[in-house]
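Let me begin by presenting the structure, written as structure tokens, before commenting on it.
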Amino acid sequence: MGKTNIAKFLGPVGMHHADINGDGWTDIVICYQYGQTMINCDANGGKIVWLENPGTSERDWVARYIGRATAMHRLKVGYFTQDKKLQVLALPIVGAPNSVHSITPILLFTQPDDVYGASEWEREEIQNIDDVIYHVVHGVSIKKYRSKLGSNLDSALIASEEGITWLYFDPEASKWRSKPLGTGETGQVSKTGFKGSGDVDAGRVGSD
């Protein structure tokens, strides 16, 4: 198989995929310009773009801007608050350079009507939901966790300093909800300076 260089970025980190423009080809959403580490992350970086899949072996896919936040680290594309427009759930790892345990914002970018003409996507900051504030966000998994309750929206399990938290939008109440599910590792914080969970996913084992 051949290899095609589709883009070049400085410090790319998280990425996900979806058909952004509805042409039947899977596009890529990616963040870049992270910086060196989560400690000395780039204060002007964390840029998010979507790469348009041309449907051929062309090089250098066109990159179109979505938005940014310092220390952007994880991205998931889905339908989180409604089911008409794609949305990007965007999670930095920390909130600011040289401040590892700073409050980390959770961001939601909503697809514009004109994905080609928009200068950026509409941005919403999700914070202090049900008194949950996030720090050192390192992992995220999305699925339709509320499907048994009749909701077809995507929701997220987030791994952070707080442990594992379920973040979802409640359409009946028109508000976000956070439900802590576990505290993660807490016994080594005096030695390492860190606690909580580093990653997360969900599935079935056997007949569960």
* Asked: Between a first residue in region 96-115 that is under 17 Å from ARG68 (Cβ atoms) and a second residue that is of a type in the set (Asp, Glu), which pairs have beta carbons less than 6 Å apart while being 6 or more apart in sequence or on different chains?
  -> PRO105/GLU125; LEU107/GLU125; LEU108/GLU124; THR110/GLU122
* Taking the options GLY95, GLY24, name whichever one is loosely packed, with under 15 Cβ neighbours inside 10 Å, modelled with pLDDT of 95 or more and of a type in the set (Gly, Ala, Ser). => GLY24
* Structure fact -> Here the residues within region 169-208 that are exposed (fewer than 13 other Cβ atoms within 10 Å of the Cβ) and either touching a helix residue (DSSP H, G or I) at 6+ places or on another chain (Cβ under 9 Å) or of a type in the set (S, T, N, Q) (or both) are SER174, THR186, GLN188, SER190, THR192, SER207
* Structure fact -> Within region 157-178, the residues that are charged (D, E, K, R) and assigned to a strand (DSSP E or B) are ASP170, LYS175, ARG177
* Structure fact -> Taking region 150-168 and keeping residues surrounded by fewer than 19 Cβ atoms within 10 Å (Cβ to Cβ) and either acidic (Asp, Glu) or more than 15 Å from the chain's Cα centre (by Cα) (or both) leaves GLY150, SER151, ASN152, GLY163
* Note down all Cβ pairs under 9 Å where the first residue falls in region 5-19 and is more than 18 Å from ALA90 (Cβ to Cβ), the second is of a type in the set (D, E, K, R) and in a strand (DSSP E or B), and they're at least six residues apart or on different chains. => ASP19/ASP27
* Structure fact -> Apart from one, (1) under 18 Å from TRP121 (Cβ atoms); (2) buried (at least 20 other Cβ atoms within 10 Å of the Cβ) all hold for CYS41; the odd one out is (1)
* To do: Name the single residue, out of those in region 36-59 being under 24 Å from ASP23 (Cβ atoms) and assigned to a loop (DSSP other than H, G, I, E, B), that is modelled with the lowest pLDDT.
  => GLU58
* To do: Considering every residue within region 179-197, establish whether at least one is farther than 30 Å from LYS84 by Cβ, within 19 Å of the chain's Cα centre (by Cα), touching a residue at least 12 places away in the same chain (Cβ under 8 Å) and assigned to a loop (DSSP other than H, G, I, E, B).
  => yes
* For region 141-155, which residues satisfy the criterion of being among the charged types (D, E, K, R) and either modelled with pLDDT under 85 or in contact with a Pro (Cβ under 9 Å, 6 or more places away or on another chain) (or both)? -> ARG146, LYS148
* Does at least one position in region 30-49 carry a residue that is under 23 Å from SER119 (Cβ atoms) and touching a residue at least 60 places away in the same chain (Cβ under 8 Å)? -> yes
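The values are calculated or read from the model by the stated rules, or taken from the named source; none is laboratory data. Just so it is clear, the model here is predicted, and its values are computed rather than measured. Backbone-built Cβ (ideal geometry, glycine too); neighbour counts: all protein chains shown.
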